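Each remark here refers to the structure printed beneath this line.
The values are calculated or read from the model by the stated rules, or taken from the named source; none is laboratory data. Because the structure is a prediction, the values reported are computed rather than measured. We place every Cβ from the backbone using ideal geometry, glycine too, and count neighbours over all the protein chains shown. The protein model used for the area step is the full one, side chains on, heavy atoms only, and it has no ligands, DNA or RNA in it. Shrake-Rupley method; radii C 1.70, N 1.55, O 1.52, S 1.80 Å.
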Amino acid sequence: VIWQVLQYVEQNYAEGSFGELCKLLHYDGPFLSRQIKRKTGKTYTQLLQEKRLSQAAWLLRNTNQKVADIGISVGYENLSYFHRIFAQHFGISPKAYRDCK
């Protein structure tokens, strides 16, 4: 089950949802949530956020896309939230991260 969860996050990080994942795997939310936390030590949201941020970092290093476009492409519709969460995770803003490459 956990392999399927990780694969889902990897392939659907931009627009996947926990509800959709539950339907795909035929599990109810509370059960699947407990399984994910027990096996990975993280919540579904934490796994999703880590994937989104790592993908954003990769795009910042390897493309010339605008920071706003990258935020949207990895699943953050609220760009101020993207900037805030990126800075919390990496310690610097997305633009500063790109400038350090």
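A few remarks follow.
- Anisotropy class assigned to the stretch 47-95 is rounded, per the alpha carbon gyration tensor with a/c under the 1.5 cut-off.
- Gain on full stretching of the segment that runs from Ala14 to Gln46 - 0.36 nm per residue minus C-alpha separation: 10.1 nm
- Helix 44-62 vs. the chain, principal-axis angle (Cα, 0 to 90°, nearest 10): 30
- Accessible area per residue in Å² at 1.4 Å probe, computed on the chain: 62
- Carbon/sulfur fraction of accessible area - the stretch 5-84, other protein chains in place, 1.4 Å, %: 50
- Distance between modelled label sites at Trp3 and Gln35, nm, 7 Å Cα→Cβ extension: 1.4
- Relative to the longest principal axis of the Cα atoms of the chain, the long axis of helix 2-12 lies at roughly 40 degrees.
- The label point for Tyr27 and the one for Ile92, both projected 7 Å from the Cα toward the Cβ, are 3.8 nm apart.
- Between helix 29-40 and the chain: long-axis angle, C-alpha atoms, 0 to 90°, nearest 10: 70
- By average C-beta atoms within 10 angstrom, highest first, the peptides 89-95, 48-54: 48-54, 89-95
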